[in-house]
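Have a look at the structure below before the remarks.
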Amino acid sequence: TPHVEAWDAAAALPASLFENLSELGFMGMLVPEAYGGLDLDVTSYLVVVEELARADAASALTVSIQNGPVASTLLKHGTEAQREAWLPGLAAGEHIGAFALSEEGAGSDPAGVATTATRDGDGWVLNGAKKWVTNGARAGLLLVFARTGDRGELGCFLVPGGHPGLEVQGRTTTMGLRASETAEVRLNEVRLPLDALVGAAGNGLGIALDALTLGRAGIAAQAVGIAEASLEHAVRYSREREQFGRPLAAFGAIQAKLAEMAARTAVARAAVREVGARLQRVRAGEADDGVGENSLVARVAGAKLVASETAMFASDEAVQIFGGYGYMRDYPVEKLMRDAKGTEIYEGTSEILRFVIAREIMRAAEG
């Protein structure tokens, strides 16, 4: 869209965009109709995220966090009172959701969360700091994970935006996805009622990992959208740009690049479609009995791994095809490359994803 570059430069999405996304129902795609959502199946949701990312990955990321780690976690693990209190506002876009898990010393190792939640009379008191909180700068609801006991014993807490003791310390300056308004959040004696806890104390790590499964599928869809946009821009430019008296697209070297970009993107898209269908069956109450490399956890990790590395490959090739123009801020492919890099890092780095897949393979081999 003509506005994307301005949003990226401003490192913020406009309020009008959130209004439009809300009117379309995109802020509550996975929320049941009873709470004001669209109640889409997971595959349809992932297609929407993919299409949004073709235009702007930051917008797609914001929608993915809202629907996946935030709303779906509340839907699956929250009480009816918690769902009634928050899901209608999330679906209507009145509340922007944020997932506050990562910390300075706990990124790929969520069990190492140092933020504490201490019982105090008829409530909880939270202290600590969270980093890389997507949507954190404008969040109306944060799902904050804090340690309730020994290492790995976490609780998931509902913290309203603007709550006393909650401090958003400005937007984090990132390489790409700049408009997603990532922030650092500090919690200083944040007092919460007992019913702010989602699930049971000590079960937060399981809730977080469950949320990341759907979250990773959303990021995989986002990455496919970036790869598609990279291919589209590369094809268009190679047909228009002439060198040595003919279009770049007439050269075999350029055709080979485009073919590889297209083939890899198709594979990534197919992987995302597969996990979308399987996640939907689980969401509908069916069991998923896949094991080893075919387990749902491994398949989702594989989809994100393949899709994110495809996005990085395709955007890199697009920059190369654009040549000197590709290295300039005036052209869209440099932003695609910056955005693509993020998909290889957040919600599971490529290295962690390979570890997850290998772990599932070895578990199955050991019986």
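Things to note:
- Pair list, Cβ under 6 Å, 6 or more apart: segment 355-367 residue over 15 Å from K304 (Cβ atoms), other residue not in a helix (DSSP H, G or I): A364/V291
- Count - residues of segment 219-267 that are of a type in the set (A, V, I, L, M, F, W, C), on the phi < 0 side of the Ramachandran plot and part of a loop (DSSP other than H, G, I, E, B): 1
- Restricting attention to segment 269-280, the residues being over 17 Å from V48 (Cβ atoms) and of a type in the set (G, A, S) number 2.
- Of all residues making up segment 20-47, the number that are assigned to a helix (DSSP H, G or I) and either more than 18 Å from the chain's Cα centre (by Cα) or surrounded by fewer than 24 Cβ atoms within 10 Å (Cβ to Cβ) (or both): 11
- Of E260, E309, E317, all but one fail to be of a type outside the set (V, I, T), crowded, with 22+ Cβ neighbours inside 10 Å and in contact (Cβ under 8 Å) with a residue 24 or more places away in the chain; the exception is E317.
- Residue in segment 303-318 that is over 24 Å from T62 (Cα atoms), modelled with pLDDT of 95 or more and aromatic (F, W, Y) present: no
- From the options A60, A98, A81, A55, residue that is over 20 Å from G342 (Cα atoms), at pLDDT 95 or above and small (G, A, S): A81
- Among the candidates R191, R186, residue that is surrounded by fewer than 18 Cβ atoms within 10 Å (Cβ to Cβ), at pLDDT 95 or above, within 25 Å of the chain's Cα centre (by Cα) and part of a strand (DSSP E or B): R186
- Qualifying residue in segment 241-255 (condition: touching a residue at least 40 places away in the same chain (Cβ under 8 Å) and in contact with an Asp or Glu (Cβ under 6 Å, 6 or more places away or on another chain)): no
The values are calculated or read from the model by the stated rules, or taken from the named source; none is laboratory data. Here the structure is a predicted model, which is why all the values come from computation and not from measurement. Methodologically, a virtual Cβ is constructed for each residue, glycine included, from the backbone with ideal geometry; neighbour enumeration extends over all protein chains shown.
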